[in-house]
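What follows is a set of notes on a single structure, which appears directly below.
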Amino acid sequence: MKSVSLIAVLALLTATPLAAQSQHAAVEAQALDLVKRAIALRSVAGPGNQTADVAALFRDALVAGGFSAGDIEITPVDDTAYMIARWPGSDPKLKPLVISGHIDVVEAKPEDWERDPFTAIVENGYLYGRGATDMKLDAALAVASLIELKREGYKPRRTIVLEFSGDEETAMKTSGIIAEKLKDAELVLNIDGGGGKLSEDGKPLYFTWQGAEKTYADFELTVTNPGGHSSAPRKENAINQLAAALVRIGQYRFKPEISDLTRSYFVEAAKYEDAETAAAMRAFAANPGDEAAIATLSANPSKIGEIGTTCVSTMITGGHAQNALPQRATANINCRIFPGHKPADIMAELARVAAEPAVVFKDVTVGAVPNDPSPMRPDFVAAVKKAMGRIHPGLPIFPSMSSGASDSMWFRYQHVPSYGASPIFIKESDEFAHGLNERTPISNISPAITYYLSLFTDLSR
Ligand SMILES: [Zn+2]
C-alpha cells in the first residue's frame, strides 16, 4: 500500500515536468531561431539599415503567437524604426510594465571578423554574430517568453508593453521618442542592462541589476583675446588663461557621494575585489567621509567614478599662427555626473574652480539627458530575487550604477523608474559586445526563459 502510493506520487510528480520540459525546449528553439534570423539582418545605422526588418520579424512572431496586429506599431524614423507592442492588461487603472530593449547593433566589418558578423553560428556552445550579446539574444528571449505566457493563457492585470528602440547605439532619437510616449509607465525593465558574471571555469559568481547611471555631459571652455603680433605680447594670452583654468579643474576633486544603491553595491561587490580595494569599499560604505578610503578608491581608475562626479579635459585647440597672439583657445571637459545633479550646477562649480573670468563655459552635450537614480523598489527587487532564485538559487544579487548611457536614461529623465536586469551570464574573457567576434554562451537560453517567465508575470500580475 505504502509503495503503491509512492509510485502514484512519483507518477504525478514526473508527469507534469516531462510535458513542461518539452514545452520549455520549444520556447528555447523559438528564441534561438529568432535570434539567428535577427542577426542575419544588418541593423546598423547608415545606408542599408535593416532595423525595420528586425522589428517586422519580431512583430510577425508576436502576431503568430497570439498578439493582435493592431496592438503592434512599427514607426520609421530617419533610416531606422522602432517597435511598440502592447498586451492589454485586465485592469486599466494600473500603469503599464514596459520591457525595453533595442534592435540596432554597432557596425561590424566582415573583413575584420573570423566569421561573417551577420551570419549567426552556434559553435562550441557559443552563439556568434553581431548582436549575440548586445542585444538580439535578449530581444528574442523576451519575445519567445511573452509568446509562451500567451500560450499558457496568462492574463496580465497590468498592461505589458514590449518596445525596441532603433538607434540606441548611435543617436538615441527613437529612445527619446519612446520614453516620451511611454512616460505613464509604472516601471521599465531594461533587458539591455545588468547581468550575471561567470567565473573563468563557467560558474555563476553573482548577478547585478542596474538601477542608476551617471549623466554624461560635455562642456566647452573658450577664451578669446583681441590677438596681435607675437613680438608684442600682452598680459592676457588665451592659451595661458585656458591652460591655467584647466590645471585648476584637473586638480579639483568633487565631493564624494553615496546613494542607497551604491552603498549596497559597495558592500556586496567588495567580496570580489582585492583585499585593499575591498577594505576601502567597505569603509566608504560605512562612512562616505572616510579620507583613507576615498584616497584608495580615487587612485583606482575603475572605482573613482563610483564615488562621485568626475570631469576631465579631453580635447584642446587654440591659436591660428605660430607668430601671432592667440585669438581663441578652446577645450572640452567631459563629465560623468553622479545621479541627482543638474549639469548646469556642475558647470557652475567648474567655473568657480577655474577662477578665470575670461573662460566662457558652454554645455555642448549631445544625445544625453540628466537622470535620477531609480529607487530600490521592493516589488522589483523581490521579483528579481525570485526569478534569479529559480535558475541560480542562493546566488548573490546586488544593484549597480553604470557610467551610462542606456535607454534607461531616457525613462529616468521622464521620472519613470528603470532597471537593467538581463539574465545573461558571461565570463570576463567572453565580453566582446561592440567588439570583434561577439559571442554568448547558449547555455544562457534555457535559464533566461525561466527567469523571464517568472519576472514578467510577477511584475504584471
Ligand atoms: Zn545595447
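The values are calculated or read from the model by the stated rules, or taken from the named source; none is laboratory data. Being a predicted model, the structure only gives us computed values, none of them experimental. Here Cβ is always computed from backbone atoms with ideal geometry, including for glycine, and neighbour counts include all displayed protein chains. The accessibility values were calculated without ligands, DNA or RNA, using every heavy atom of the protein model including side chains. Shrake-Rupley method; radii C 1.70, N 1.55, O 1.52, S 1.80 Å.
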Note to self: I'm trying to understand the selection: among the residues of region 187-200, which are away from the ligand (no atom under 12 Å from the Cβ) and either among the aliphatic types (A, V, I, L, M) or outside any loop (DSSP other than H, G, I, E, B) (or both)?
What the structure shows: LEU187, VAL188, LEU189, GLY196, LYS197, LEU198
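When you scan region 45-59, do you find a residue that is farther than 22 Å from SER460 by Cβ, polar (S, T, N, Q) and assigned to a helix (DSSP H, G or I), even just one? Steps first, please.
Step one: list which residues in region 45-59 are farther than 22 Å from SER460 by Cβ, which gives 45-57.
Still in the running and polar (S, T, N, Q): 49-51.
Now restrict to residues that are assigned to a helix (DSSP H, G or I): 51.
Yes, region 45-59 has at least one match.
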Next item on the list: Could you tell me which residue of region 139-171 is farthest from the ligand (Cβ to nearest atom), considering only residues that are under 19 Å from GLN50 (Cβ atoms), open to solvent by less than 30 Å² (accessible area, probe 1.4 Å) and out of contact with any strand residue (DSSP E or B) (no Cβ under 6 Å at 6 or more places or on another chain)?
Entry: VAL143
Item checked: All positions within region 172-186 that are part of a loop (DSSP other than H, G, I, E, B), in contact with a Ser or Thr (Cβ under 8 Å, 6 or more places away or on another chain) and more than 12 Å from the ligand (Cβ to nearest atom) -> none
Item checked: Qualifying positions in region 70-111 - assigned to a helix (DSSP H, G or I) and either closer than 18 Å to SER145 by Cα or within 16 Å of the ligand (Cβ to nearest atom) (or both) -> ASP71
Checklist line | Pair list, Cβ < 6 Å and 6+ apart or interchain, from region 341-366 residues that are small (Gly, Ala, Ser) to residues that are crowded, with 18+ Cβ neighbours inside 10 Å and at pLDDT 95 or above | finding: ALA354/ALA245; ALA354/ILE249; ALA358/VAL223; ALA358/GLN241
Checklist line | Complete set of residues in region 234-279 that are assigned to a helix (DSSP H, G or I), farther than 27 Å from THR314 by Cβ and open to solvent by 40 Å² or more (accessible area, probe 1.4 Å) | finding: ASP260, ARG263, VAL267, GLU268, LYS271, TYR272, ALA275, GLU276, ALA279
Notebook entry, point to check: Could you list, in sequence order, the residues of region 112-138 that are in contact with a strand residue (DSSP E or B) (Cβ under 9 Å, 6 or more places away or on another chain), open to solvent by 30 Å² or more (accessible area, probe 1.4 Å) and within 11 Å of LEU436 (Cα to Cα)?
Noted result: GLU114, ARG115
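Report the residue count in region 316-343 for those that are farther than 18 Å from ALA243 by Cβ and surrounded by 12 or more Cβ atoms within 10 Å (Cβ to Cβ).
9
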Margin query: Based on this model, can you work out whether LYS203 counts as open to solvent by 10 Å² or more (accessible area, probe 1.4 Å) and within 16 Å of the ligand (Cβ to nearest atom)?
Written below: no
Next item on the list: Working only within region 67-89, note down all residues that are of a type in the set (Gly, Ala, Ser) and open to solvent by less than 70 Å² (accessible area, probe 1.4 Å).
Entry: SER68, ALA69, ALA81, ALA85, GLY89
Check: Taking the stated definitions as given, is LYS109 loosely packed, with under 15 Cβ neighbours inside 10 Å and under 25 Å from THR174 (Cα atoms)?
Finding: yes
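Quick check on region 434-444. Is at least one of its residues part of a loop (DSSP other than H, G, I, E, B), under 20 Å from GLY131 (Cβ atoms) and open to solvent by 40 Å² or more (accessible area, probe 1.4 Å)?
Yes, there is a match, as at least one residue in region 434-444 is part of a loop (DSSP other than H, G, I, E, B), under 20 Å from GLY131 (Cβ atoms) and open to solvent by 40 Å² or more (accessible area, probe 1.4 Å).
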Next item on the list: Check every one of the strands (runs of 3 or more DSSP E) wholly within region 114-165 and list those with 1 or more residues that are among the basic types (Lys, Arg) and under 21 Å from the mean Cα position of the chain (by Cα).
Entry: none
Next item on the list: Check whether at least one residue in region 280-288 is in contact with an Asp or Glu (Cβ under 9 Å, 6 or more places away or on another chain), modelled with pLDDT of 95 or more and part of a loop (DSSP other than H, G, I, E, B), and report yes or no.
Entry: yes
Next item on the list: Determine, yes or no, whether PRO423 is closer than 25 Å to GLY166 by Cβ, away from the ligand (no atom under 16 Å from the Cβ), touching a residue at least 24 places away in the same chain (Cβ under 8 Å) and open to solvent by less than 40 Å² (accessible area, probe 1.4 Å).
Entry: no
